[in-house]
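S.K.: One structure coming up, written as structure tokens, with questions to follow.
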Amino acid sequence: MNAETPISLEQRKDKLQGLGCSRKRVEDARFTQGKGNYVDDIKLPGMLFGDFVRSPIGHGRIKSINKEAALAVPGVKAVLTADDLRPLGLHWMPTLAGDVQAVLADEKVLFQNQEVAFVVAEDRYAAADGVELVEVEYEDLPPLVDPFKAMEEGAPTLREDIADKTEGAHGPRRHPNHIFTWEAGDQAATEQALAGAEVVAEEMVSYQRVHPCPLETCGCVASMDKINGKLTIWGTFQAPHAVRTVASLITKIPEHNIRIISPDIGGGFGNKVGVYPGYICSAVASIVLGVPVKWIEDRMENLSTTAFARDYHMTGRIAATRDGRITGLWCHVLADHGAFDACADPTKFPAGFFNICTGSYDIPTAYVAVDGVYTNKAPGGVAYRCSFRVTEASYFIERMVDVLARKLDMDPAEIRLKNFIRKEQFPYTSALGWEYDSGDYETAMDKALKTVDYQGLRAEQKAAREAFQRGETRKLMGVGVAFFTEIVGAGPVKNCDILGLGMFDSCEIRIHPTGSAIARLGTISQGQGHATTFAQILASEIGIPAEDITLEEGDTDTAPYGLGTYGSRSTPVAGAATAMAGRKIRAKAQMIAAYLLEVHDGDLEWEVDRFQVKGNPERHKTMKEIAFAAYNQAIPGLEPGLEAVSYYDPPNMTYPFGAYVCVVDIDVDTGVTEIRRFYALDDCGTRINPMIIEGQVHGGLTEALAIAMGQEITYDEDGNVHGGSLMDFFLPTAVETPTWETDWTETPSPHHPIGAKGVGESPNVGGVSAFSNAVNDAFAHLGLTHTQMPHDHWRVWQTAQRLGLTGQPAAAE
Amino acid sequence: MIPGAFDYHRPRTLDEAISLLASLGEESRVVAGGHSLIPMMKLRMAVPEHLIDLREVAELRGIAVEGGQITIGAMTTQQEVIGSEELASACPILREAALQIADPQIRSLGTLGGNVANGDPGNDMPAVMQALDAAFVLRGPEGEREVVARAFYEGPFTTALGEGEVLAAIRIAAPAAGHGWAYEKQKRKIGDYATAAAAVLLELEGGTCRKASVALTNVGDTPLHAADAEAALVGSSLDAAAVEAAAAAARAIAEPAEDGRGPRAFRVHLTGVMVARAIEAAKRRAG
Ligand SMILES: Cc1cc2nc3c(=O)[nH]c(=O)nc-3n(C[C@H](O)[C@H](O)[C@H](O)COP(=O)(O)OP(=O)(O)OC[C@H]3O[C@@H](n4cnc5c(N)ncnc54)[C@H](O)[C@@H]3O)c2cc1C
């Protein structure tokens, strides 16, 4: 079989389409032809549809629910309320954050659009008609929507179910509306550093409530097979195995009798990590009615009920020497968690990894405290395209450093360069306890500044400000500089778990006799392109062309156990498992090759796609040949077959970083901000597929633009939610999206098998600060230190007006 | 986002449509492009029992420009308005405004008639029609009548359209040759209704403004015809003081809602900015 036409080493490498190759996405053939298979494409015989009756008010007591008229609608099969779920113990469910959440409102409603009843009908129309006719009588209670008022004396008690509990899942509670206090760092030392500092800058930096808003909303199809007792749920799950285990614990159905399948997922961004009432109600309805039940959220339900993000109100103090050396950082966060604490964070981290908030800087002492509170808003607090609370942390430090720079009259780039953790300090232990794996911040920043001609931009800005002064233009130019360090790849089982499930991940590989392969992972792609990139990792590890490797995820009956995809963890954790499983394959292949070539396995070396005899490369066996032999030749001392599985528990997180520069022009009369230029340099360690990295960066920057410039979900005093439709919630189109310039440096992770760090979320983490810094910078010469996001037209105009720039008297109210 | 139950009718002629409306009564509605009505039905803000689809009523389609008189059939799509070279030369503000409605997908179904008959203060065409002093041809069981755009709008989603009447066509006297025009609209994103918008038409004679029309979108319960702003311009050289006076007059009648587009003060201010910018643009174009 050695008679193939000889091809060069380069050709052999190219054929693999392994690491570093911009291989086209294998997923796109079906997606671009509309042939994806999403949960709403699943149609089963006899399937019914569920739809929710939702609370029209933000806070109130349910006095009565009358189902009669709804049950009389032709096609309506059942109406479930909390009272129906109570006997099963399923009217409440545990949240990922150690709290409980009402599946269907139990005596009280705590936020507008909360699930009150579940109508099951033959089709969506009948279900919707039924929803209209369920009569619910409420007694209004005063809504509490301002987190700053949550812990006031006399504030209404929201959670009567836990009113007297002084101990929550994360320690003591000081008030009925208090969830937890979480601290990191050295409070005394930090306060001392602040007291003795030459300069202290202080700011309140709020990160508004937003929503991940994936293209596809959440949904599921639950199907109970009464013959074999097996419950199958197809759903939009970012962590199918975790859902299976939690479902088993909640329903008491043995875990082997539950099968969770995540079909194609149309974007997740954190929205699809949580467990939602729709899943439970569909499952219960299917169990009770014995037929499959589908539940699909509409857009307004998605935006206003399942998984908001942020709502973090961060008060910061940053201390420095007069020449700009940062000496201490203090931060208090008021975290609005809504009506139930349903944050999706590793169990021991109720504020996620917010203590990455010292950022990319060598800050000797720091302290952070986070208070979580309940309000009459939807629960959630997910990591919207970022690792747990990392965007919040990054936004906080990147704004604080700018605020400090203003105070010191220093250039924002200069102050960053001055305070960076230096290359030789890695691995670096931060004042708040993280061990940064690797980095070369200065090189990245220098490259960014040079590429955009930073000095030139500042000179242009100076000239533009003078022209503005002379009345020649009504536009202000702003330059935003942001540098970020992410913490992704959760995480080491020793400190990372979700509801006790360790956050390792997995890969299982089977090589077929003819030399192609299938790999299955515990993660699930929602657009990231796993089927493309994980095959590339494997191709480089085992010498089988990527196109000959099938990749499967998302079916708990076939995939190995894993904790799913979010927090940029797939490449750092499952990608590592893939490489390690590949190495196990290679180790066995080496023994087979040694047998076939009649040499000692130590006499062989690996080259691209084969084992060859050291010093005699003519004598070799390709992986394809080895695979055939593995199945078809009796090899003494070796079992037949060629398979491997790896469960990878990462030794540490990975720390991607990047330098972003944004240039804006602001029309002070209209508040319109034009993004003139956006440059993004990302360092995500080893680059598996540059094209996919670029795509991820484009998408993440577009979401960052959306957040910084317009996305917002607000509640009025009466508890009504606003921004809950795409008319108001800002999703940029191609028209609003600027051209993205991407760039990179490559600093591998020292502890990851292939040095990769993860990239999907970096652009959101770094991008938001870059936009916001640019808007703030435009007004900096007028004394502005900080203005609140989102930087939509009216807020920017108000800022200009506050600074006396509108050129027109304030219009009469 | 699921509408209530309704019956669907597809008449072939306008007479048939009108008699269907009469016989089916109050709970029947005509549907044109459906891009305002169907979203409202999905939100169950509109729950008609009968939908009478006008798409096959041929006599409601078409654009005619004859001797300074423009007639546009109600079922003419926004895309057809944009695509018409005849309209673009006789009355260019129509193309300019239509291009700022929603996005190409919506414009290819949404009609001009639906846009003006809808009565949503957010619709762009009503203010343009007021600036053009257009007339709406209404056909009902009692025959045909005309109502001018400036008298058509009564409140949010309430217009002079009588029960049982259908908007058949829009009649516009073509603006004088050499007129200047502009539709300035600020919105948050593609597909959004105006935060504030202004339609302006100007005629100049020897550097002096002979005639001016100004109307405003989405800064009140109805489109607003800004007669005082017009008065501030006529007779002036459109100098800075006149422009500011017109902007101030527009601000004075603006009563925008406070919503995600911003607080009232901002939208009032922006009304002035849109008016001023539309005047500047129209002035540049006037020959
Ligand atoms: C996402 C989105 C963004 C949009 N953005 C804009 C925008 O920026 N600017 C803007 O102006 N519009 C916008 N629209 C609305 C769009 O232009 C609609 O097409 C238009 O408002 C209505 O026209 P239609 O033909 O779709 O009417 P339909 O929706 O069919 O009807 C609207 C109303 O008018 C009535 N009606 C329709 N035709 C007649 C007739 N001939 N006689 C009597 N009554 C009639 C109907 O009964 C109904 O009450 C947007 C719509 C969407 C969905």
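The values are calculated or read from the model by the stated rules, or taken from the named source; none is laboratory data. Here the structure is a predicted model, which is why all the values come from computation and not from measurement. Here the Cβ positions follow ideal geometry from the backbone for every residue, glycine too, while neighbour counts run over all protein chains shown.
S.K.: What tally of residues in segment B:157-188 results from selecting those that are within 14 Å of chain A (Cβ to nearest Cβ), more than 10 Å from the ligand (Cβ to nearest atom) and not in a strand (DSSP E or B)?
M.R.: Counting residues in segment B:157-188 that are within 14 Å of chain A (Cβ to nearest Cβ), more than 10 Å from the ligand (Cβ to nearest atom) and not in a strand (DSSP E or B) gives 1.
S.K.: Now for a separate question. Please work out if A:Val488 is in contact (Cβ under 8 Å) with a residue 60 or more places away in the chain, over 29 Å from A:Asn652 (Cβ atoms) and buried (at least 24 other Cβ atoms within 10 Å of the Cβ).
M.R.: no
S.K.: Hey, among B:Glu80, B:Glu49, which residue is more than 7 Å from the ligand (Cβ to nearest atom), without any contact (Cβ under 8 Å) to a residue 40 or more places away in the chain and among the acidic types (Asp, Glu)?
M.R.: B:Glu80
S.K.: Look at A:Pro753 and say whether it is in a loop (DSSP other than H, G, I, E, B) and either of a type in the set (Val, Ile, Thr) or within 29 Å of A:Ala464 (Cβ to Cβ) (or both).
M.R.: So A:Pro753 does not fit the description; no.
S.K.: Here are some conditions: (1) more than 14 Å from chain B (Cβ to nearest Cβ); (2) surrounded by 20 or more Cβ atoms within 10 Å (Cβ to Cβ); (3) part of a loop (DSSP other than H, G, I, E, B). A:Asn113 meets all but one. Which one does it not meet?
M.R.: Going through the list (1) more than 14 Å from chain B (Cβ to nearest Cβ); (2) surrounded by 20 or more Cβ atoms within 10 Å (Cβ to Cβ); (3) part of a loop (DSSP other than H, G, I, E, B), A:Asn113 breaks only (1).
S.K.: Tell me whether segment B:121-129 contains one or more residues that are within 24 Å of B:Arg285 (Cβ to Cβ) and either among the acidic types (Asp, Glu) or more than 10 Å from the ligand (Cβ to nearest atom) (or both).
M.R.: yes
Residues checked against (1) among the β-branched types (Val, Ile, Thr); (2) in the same structural domain as A:Ala82 (by TED's automatic domain parsing); (3) part of a strand (DSSP E or B):
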position	(1), (2), (3)
A:Ser223	no, yes, yes
A:Ala285	no, yes, no
A:Arg310	no, no, yes
A:His313	no, no, yes
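S.K.: Among the candidates B:Glu280, B:Glu244, B:Glu230, single out the residue that is under 24 Å from the mean Cα position of the chain (by Cα) and either among the hydrophobic types (A, V, I, L, M, F, W, C) or within 14 Å of chain A (Cβ to nearest Cβ) (or both).
M.R.: B:Glu280
S.K.: Kindly establish whether B:Pro256 is within 15 Å of the ligand (Cβ to nearest atom) and at pLDDT 95 or above.
M.R.: Answer is no for this residue.
S.K.: Within 13 Å of the ligand (Cβ to nearest atom) and outside any loop (DSSP other than H, G, I, E, B): does that describe B:Glu59?
M.R.: It is true that B:Glu59 is within 13 Å of the ligand (Cβ to nearest atom) and outside any loop (DSSP other than H, G, I, E, B).
Each row is one residue, and each column tells you yes or no for (1) in contact (Cβ under 8 Å) with a residue 12 or more places away in the chain; (2) under 30 Å from A:His337 (Cβ atoms); (3) away from chain B (no Cβ under 14 Å); (4) under 35 Å from the mean Cα position of the chain (by Cα).
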position	(1), (2), (3), (4)
A:Gly46	yes, no, yes, no
A:Asp51	yes, yes, no, yes
A:Pro56	yes, yes, no, yes
A:Ala69	yes, no, yes, no
A:Leu80	yes, yes, yes, yes
A:Ala97	yes, yes, yes, yes
A:Val100	yes, yes, yes, yes
A:Val109	yes, yes, yes, yes
A:Asp123	yes, no, no, yes
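S.K.: Next up: For segment A:225-253, give me the residue count where each residue is among the charged types (D, E, K, R), in contact (Cβ under 8 Å) with a residue 12 or more places away in the chain and part of a strand (DSSP E or B).
M.R.: Summing the residues that are among the charged types (D, E, K, R), in contact (Cβ under 8 Å) with a residue 12 or more places away in the chain and part of a strand (DSSP E or B) in segment A:225-253 gives 1.
S.K.: Sticking with this one: Can you give me the number of residues within segment A:777-798 that are assigned to a helix (DSSP H, G or I) and either touching a helix residue (DSSP H, G or I) at 6+ places or on another chain (Cβ under 8 Å) or more than 10 Å from chain B (Cβ to nearest Cβ) (or both)?
M.R.: Of the residues in that region, 10 qualify.
S.K.: I'd like to know if segment A:337-360 contains one or more residues that are in a strand (DSSP E or B) and more than 14 Å from chain B (Cβ to nearest Cβ).
M.R.: No, because not a single residue in segment A:337-360 is in a strand (DSSP E or B) and more than 14 Å from chain B (Cβ to nearest Cβ).
S.K.: Any chance you could count how many residues in segment B:189-201 are hydrophobic (A, V, I, L, M, F, W, C) and within 9 Å of chain A (Cβ to nearest Cβ)?
M.R.: Counting residues in segment B:189-201 that are hydrophobic (A, V, I, L, M, F, W, C) and within 9 Å of chain A (Cβ to nearest Cβ) gives 1.
S.K.: State whether the residues of segment B:182-189 include one that is assigned by TED's automatic domain parsing to the domain that holds B:Cys91 and among the charged types (D, E, K, R).
M.R.: no
S.K.: Scan (1) away from chain A (no Cβ under 14 Å); (2) within 8 Å of the ligand (Cβ to nearest atom); (3) among the polar types (S, T, N, Q) for the single condition B:Gln100 breaks and write down its number.
M.R.: Checking B:Gln100 against (1) away from chain A (no Cβ under 14 Å); (2) within 8 Å of the ligand (Cβ to nearest atom); (3) among the polar types (S, T, N, Q), the one that fails is (1).
S.K.: Collect the residues in segment B:24-43 that are closer than 21 Å to B:Tyr193 by Cβ and either in a helix (DSSP H, G or I) or more than 7 Å from the ligand (Cβ to nearest atom) (or both), keeping them in residue-number order.
M.R.: Within segment B:24-43, B:Leu37, B:Ile38, B:Pro39, B:Met40, B:Met41, B:Lys42, B:Leu43 meet the criteria.
S.K.: Here is a follow-up. Quick one: how many residues across segment A:223-242 are surrounded by 18 or more Cβ atoms within 10 Å (Cβ to Cβ) and either closer than 15 Å to A:Val284 by Cβ or among the acidic types (Asp, Glu) (or both)?
M.R.: Final tally of qualifying residues: 6.
S.K.: For segment A:711-737, give me each residue that is within 16 Å of the ligand (Cβ to nearest atom), touching a helix residue (DSSP H, G or I) at 6+ places or on another chain (Cβ under 9 Å) and closer than 26 Å to A:Gln528 by Cβ.
M.R.: Once the filter is applied, which keeps residues that are within 16 Å of the ligand (Cβ to nearest atom), touching a helix residue (DSSP H, G or I) at 6+ places or on another chain (Cβ under 9 Å) and closer than 26 Å to A:Gln528 by Cβ, segment A:711-737 yields A:Leu726, A:Phe729, A:Phe730, A:Leu731, A:Pro732, A:Glu736.
Rundown of residues vs (1) surrounded by fewer than 16 Cβ atoms within 10 Å (Cβ to Cβ); (2) of a type outside the set (A, V, I, L, M, F, W, C); (3) under 17 Å from B:Thr271 (Cα atoms), yes/no style:
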position: B:Asp192; (1), (2), (3): no, yes, yes
position: B:Ala199; (1), (2), (3): no, no, yes
position: B:Thr217; (1), (2), (3): no, yes, yes
position: B:Leu224; (1), (2), (3): no, no, yes
position: B:Ala227; (1), (2), (3): yes, no, yes
position: B:Glu230; (1), (2), (3): no, yes, yes
position: B:Gly235; (1), (2), (3): yes, yes, no
position: B:Ala248; (1), (2), (3): no, no, yes
position: B:Pro256; (1), (2), (3): no, yes, yes
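S.K.: Looking at the structure I just gave you, is B:Arg10 within 14 Å of chain A (Cβ to nearest Cβ), away from the ligand (no atom under 12 Å from the Cβ), surrounded by fewer than 19 Cβ atoms within 10 Å (Cβ to Cβ) and over 19 Å from the mean Cα position of the chain (by Cα)?
M.R.: no
S.K.: Can B:Leu138 be described as assigned to a strand (DSSP E or B), within 14 Å of the ligand (Cβ to nearest atom), over 22 Å from B:Lys211 (Cα atoms) and touching an Asp or Glu at 6+ places or on another chain (Cβ under 6 Å)?
M.R.: It is true that B:Leu138 is assigned to a strand (DSSP E or B), within 14 Å of the ligand (Cβ to nearest atom), over 22 Å from B:Lys211 (Cα atoms) and touching an Asp or Glu at 6+ places or on another chain (Cβ under 6 Å).
S.K.: Can you tell me how many residues within segment A:517-548 are part of a strand (DSSP E or B) and surrounded by fewer than 24 Cβ atoms within 10 Å (Cβ to Cβ)?
M.R.: Looking only at that region, the number is 2.
S.K.: Would you mind listing the strands (runs of 3 or more DSSP E) fully within segment A:620-738 where at least 1 residues are under 28 Å from A:Leu782 (Cβ atoms) and within 14 Å of chain B (Cβ to nearest Cβ)?
M.R.: Result: A:657-667, A:672-683.
S.K.: Kindly provide the set of residues from segment B:13-46 that are away from chain A (no Cβ under 12 Å) and among the basic types (Lys, Arg), ordered by number.
M.R.: The one that is away from chain A (no Cβ under 12 Å) and among the basic types (Lys, Arg): B:Arg29.
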